[in-house]
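Any read-out appearing in this document is the output of simple, stated calculations on the displayed coordinates, not a laboratory observation. Computed from a prediction, not measured in an experiment: that's the story for all the values here. Cβ coordinates were reconstructed from backbone atoms using ideal geometry, including for glycine residues, and neighbour counts include every protein chain displayed.
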Amino acid sequence: MSTVFEIASRYVVPSIRREAVLELLRKGFSKVEVSRALGISKSLVSRYAKGERGKLLEVGHHPVVRNAVDKIAYLVESGEVSEHKIEEEIVKAVVKLLSAKALCGFHEKLDRRFNPTVCQICVRVFSKQQ
């Protein structure tokens, strides 16, 4: 069975990073500036922008993700950016999504053995972390 950590690292984190890249590009930052701010390569910025990476799971509409992306954009715009702060915002968003059971349907699609009606792992583990 796919674990929540596998799903988070393989699908959720790239999706949130993609949303952050798109937001920063919309705000007029160059790919080089976005690369430096997020601590990722310029080629990865391009892949996110083209939808070649981080598009398998669409979470950009979720309020938790929108808030994280807005905070990341603010950090970059204000010059308060650091890779650690960016990563912290992404991890917080992932934990909130997990604790809200926002990823259970996706987990079930990936792994038919997973039963979201009986699983309470994320609620029990991650809701205490917020």
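Relative contact order of the chain, please, whole-number percent, based on alpha carbon pairs below 8 angstrom and at least 6 residues apart.
29 percent
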Give me the log10 of I(q) over I(0) for the chain at q = 0.09, 0.12, 0.14, 0.20 Å⁻¹, as the Debye formula computes it from C-alpha points; what are the numbers?
-0.26, -0.46, -0.61, -1.10
Surrounding charge for residue 67, neighbours by C-beta under 10 angstrom, Lys/Arg +1, Asp/Glu -1, total +2
The chain: most fluctuating residue of 48, 74, 11 per GNM, C-alpha cutoff 10 Å:
74
Using θ = phi - 60° and the Karplus form 6.51 cos²θ - 1.76 cosθ + 1.60, what ³J(HN,Hα) does each residue of region 9-19 get, whole Hz, x for Gly and Pro?
6, 8, 10, 6, 4, x, 5, 5, 4, 4, 4
Restricting attention to region 71-104, which GluC sites (Glu not before Pro) occupy a DSSP loop and are surrounded by at most 10 other Cβ atoms within 10 Å?
80
Using 7 Å Cα-to-Cβ label points, what is the residue 108/residue 123 separation (nm, one decimal)?
1.4 nm
Once phi is turned into θ = phi - 60°, what whole-Hz ³J(HN,Hα) does the Karplus curve with 6.51, -1.76 and 1.60 give for every residue of region 95-100, x standing for Gly and Pro?
4, 5, 4, 5, 5, 8
To the nearest 20 debye, what charge dipole does the chain have about its Cα centre, counting +1 at the Cβ of each Lys and Arg and -1 at the Cβ of each Asp and Glu?
320 debye
Any chance you could list the semi-axes, whole Å, largest first, of the equivalent ellipsoid that the Cα gyration tensor gives for region 58-130, using √(5λ)?
28, 13, 9
